[in-house]
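Here's the structure we're looking at; comments come further down.
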Amino acid sequence: MIHNAIYAPAQSNIYKNNPLIECIPIIESEVDFYNAIKTTPELPVGLWDYDNFSAMDYFSELEVAYLPHPSAWTLYLHFIQQIKSGYRSKNPLDKSGQCFINTVITRGNFEQKYAIPKRNKAHAGKAKCSFAKGISGVGKSEVINTVLSCIPQVIRHVEYNSTPLIMDQLVWVSIDVSASNSLKGLALNFFTALDEQLGTSYAYNNRALRNPVDFYIGAIRELCAKHMIGFVHIDECQHLLKSIKSGESATLEHLESLFNRIGIPMLMTSTPEGAKLFFNDNDEGSSPRVQNVRRLMSERVYEFEPIDINSKFYHTFFDLFLPKYLFTDSEVQKNEFRHRVHYLTFGIHAIIARLLRLFFEAAHKLNLTPENVNTGEYFSLLDKVYLQHFEAISLSIAQLRQNKAQEYEYMIQQSSDKKPKKLNTSRTMHSSVRGAKMASERSKAKLNSCNAEVHKNELQAGLSEHHQ
């Protein structure tokens with residue numbers, strides 16, 4: 001969605017008369033912020049009396065239920081501050097901003113070297129780069145994308161203080177590192193993200209895969225300057241650990257070159273395995289690795305952990321899916337049941353939400369109301385639902401209980417793209433993974449016309465009855 005620019009004078013003198021900053025509406029109240037992002041559907045008091053078909057409409061509402069993460073407000077404050085700080089030296093109506101745009105676009109000419117001269121790097125300002133990590137399913141990407149959605153993504157400028165200013169400002173963009181970790185794949189993801197928001201066709205125009213790496217680096221930088229991108233979120237950074245045979249894998253150095261060096265704040269998100277990008281031994285020496293850590297983790301490190309069972313957030317989250325007024329004086333309201341849910345899910349946000357929703361659906365289908373349910377029946381139903389719908393992931397969660405996050409991520413990846421295993425049998429004459437192949441008529445005729453002496457014993461050597 002494209003928003004028309006509405007300018008509000010900046011309170012701080014360092015941001016005054018900067019249209020890139022004054023056009024961004026800011027939520028100043030924490031209460032207003034949480035009210036804007038939370039989605040808490042109210043289930044009717046008489047839900048147990050609804051037929052299964054009607055009740056499914058309300059259960060489907062639980063699929064989109066969202067309770068704001070405790071760190072959401074802090075993330076919003078940090079993102080807004082980083083965006084304003086990045087725009088400070090890029091005012092398009094000021095000499096420094098015009099020099100920045102001209103420098104980047106000029107260097108975007110693909111006949112020239114893409115590196116920006118050191119004397120011009122000051123025009124970009126200092127970019128703040130942060131790193132967020134957490135195991136799959138804890139909601140790190142969901143939280144970040146929800147927070148970013150509170151910031152207008154595209155703002156259209158026409159005129160500022162009677163001065164023509166025709167441009168579409170892209171305040172933030174979120175992209176994924178491709179699973180193959182190709183730099184060209186990362187570039188195409190970037191072009192596609194711009195096309196979706198601006199209605200452009202950058203991905204189509206740059207779809208040719210024969211272009212060199214320098215082409216994509218120059219093209220991305222040029223578009224960053226053209227649309228004044230203020231913040232970049234890069235997800236799935238653990239894929240940067242992969243390398244492809246062509247030698248064109250995306251690396252931390254590429255991310256730094258694409259965004260950090262032209263003053264764009266950046267947030268990278270990854271599983272714990274992605275931390276190896278910064279802390280693994282480097283065969284080429286420690287200096288480049290230290291430099292990457294200093295630049296790409298120059299601001300903050302956010303750690304997303306599974307939900308703590310003793311936290312207020314867990315109990316509020318639990319009551320959102322299984323309201324107290326629908327399970328009055330039942331086993332569901334006991335601490336033992338809540339502890340059982342937490343044990344089965346290890347406090348992983350996405351798994352808790354799905355398990356509680358499916359449990360409620362099953363209880364309603366079986367008409368297990370608090371009035372007619374037997375002792376232990378809710379616990380039994382919870383285990384049955386978990387066994388039926390979470391069997392594939394239960395082994396992965398078992399690894400987490402042993403503090404083996406790396407094995408958990410590996411098993412999650414394996415279950416998502418599972419392939420049939422090949423038989424590990426020796427291929428002898430009577431034991432083969434391939435089916436028997438019948439002789440052709442031509443081969444039979446050739447054998448019948450053969451006058452050579454045939455040794456019966458040799459022909460029978462591979463038959464199974466002669467090996468008993």
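Give me the extension gain from N448 to I14: residue separation times 0.36 nm, minus the current Cα-Cα distance, reported in nm with one decimal.
Numbers: separation 434, 0.36 × 434 = 156.24 nm, distance 9.80 nm.
Separation in residues times 0.36 nm, less the Cα-Cα distance, equals 146.4 nm.
To the nearest 10 square angstrom, what accessible area does Y34 show with a 1.4 Å probe?
Roughly 50 Å² of Y34 is accessible to a 1.4 Å probe.
Please list the non-local residues whose amide H lies under 5 Å from the amide H of S174, H modeled 1.01 Å from N, same-chain partners needing a gap of 5 or more.
H233
Can you work out the FRET efficiency for the pair E305 and N145, with r the C-beta to C-beta distance and R0 = 22 Å, to the nearest 0.05?
Details: r = 19 Å, r/R0 = 0.85.
Efficiency at R0 = 22 Å is approximately 0.70.
Just grab the label-to-label distance for A392 and T74, each label 7 Å out from Cα along the Cβ direction, in nm (one decimal).
Result: 3.5 nm between the two label points.
Quick check on packing: order 261-270, 60-69, 174-183 by the mean number of other C-beta atoms within 10 Å, highest mean leading.
The densest-packed peptide leads the list: 261-270, 174-183, 60-69.
Please give me the summed charge of the neighbours of Q82: other residues whose Cβ is under 9 Å from its Cβ, Lys and Arg +1, Asp and Glu -1. Walk me through the intermediate numbers first.
Working: positive: K84, K128; negative: E299.
Net of charged neighbours comes to +1.
Note down the magnitude of the dipole of the stretch 177-228 about its Cα centre, charges +1 on Lys and Arg C-beta and -1 on Asp and Glu C-beta and zero elsewhere, to the nearest 20 debye. Could you put the intermediate results ahead of the total?
On the way: 5 positive and 4 negative charges, 27 e Å.
Result for the stretch 177-228 is approximately 120 debye, rounded to the nearest 20.
Any chance you could run the full-extension gain for N367 through S243? It's 0.36 nm times the residue separation minus the Cα-Cα distance, nm to one decimal.
Values: separation 124, 0.36 × 124 = 44.64 nm, distance 5.36 nm.
My answer for the length gained is 39.3 nm.
For the stretch 185-234, which whole percent of the accessible surface, found with a 1.4 angstrom probe, sits on carbon and sulfur atoms? List each step's numbers first, then the result.
Values: 980 of 1950 Å².
That fraction is 50 percent.
For G199, what charge total do you get from the other residues with a beta carbon under 15 Å from its beta carbon, if Lys and Arg give +1 and Asp and Glu give -1? Kindly include the intermediate steps, with their values, before the conclusion.
Values: positive: R156, K226; negative: D168, D195, E196.
That sum, taken over residues with Cβ under 15 Å, equals -1.
Run the quick spin-label model on T39 and N52: label points 7 Å from Cα toward the beta carbon, then report their separation in nm to one decimal.
2.6 nm
Cross-link list K90/K128; K128/K226; K38/K334; K16/K128: which exceed 24 angstrom alpha carbon to alpha carbon? Provide the component values of the computation, followed by the final result.
Working: K90/K128 15 Å; K128/K226 21 Å; K38/K334 26 Å; K16/K128 21 Å.
Long pairs (Cα-Cα over 24 Å): K38/K334.
Lys/Arg Cβ at +1, Asp/Glu Cβ at -1, dipole of the stretch 1-62 taken about the Cα centre: which of I24, A10, A55 is farthest positive-ward?
Selected residue: A10.
To the nearest 10 square angstrom, how much accessible area does K365 have with a 1.4 angstrom probe?
Surface open to solvent at K365 totals about 150 Å².
The values are calculated or read from the model by the stated rules, or taken from the named source; none is laboratory data. In this text the structure is predicted, and so the values were computed from the model without any measurement. Counting neighbours? That spans all protein chains shown, and the Cβs are built from the backbone with ideal geometry, glycine included. Quick note on the areas: whole protein, heavy atoms, side chains included, nothing else; ligands and nucleic acids left out. Shrake-Rupley method; radii C 1.70, N 1.55, O 1.52, S 1.80 Å.
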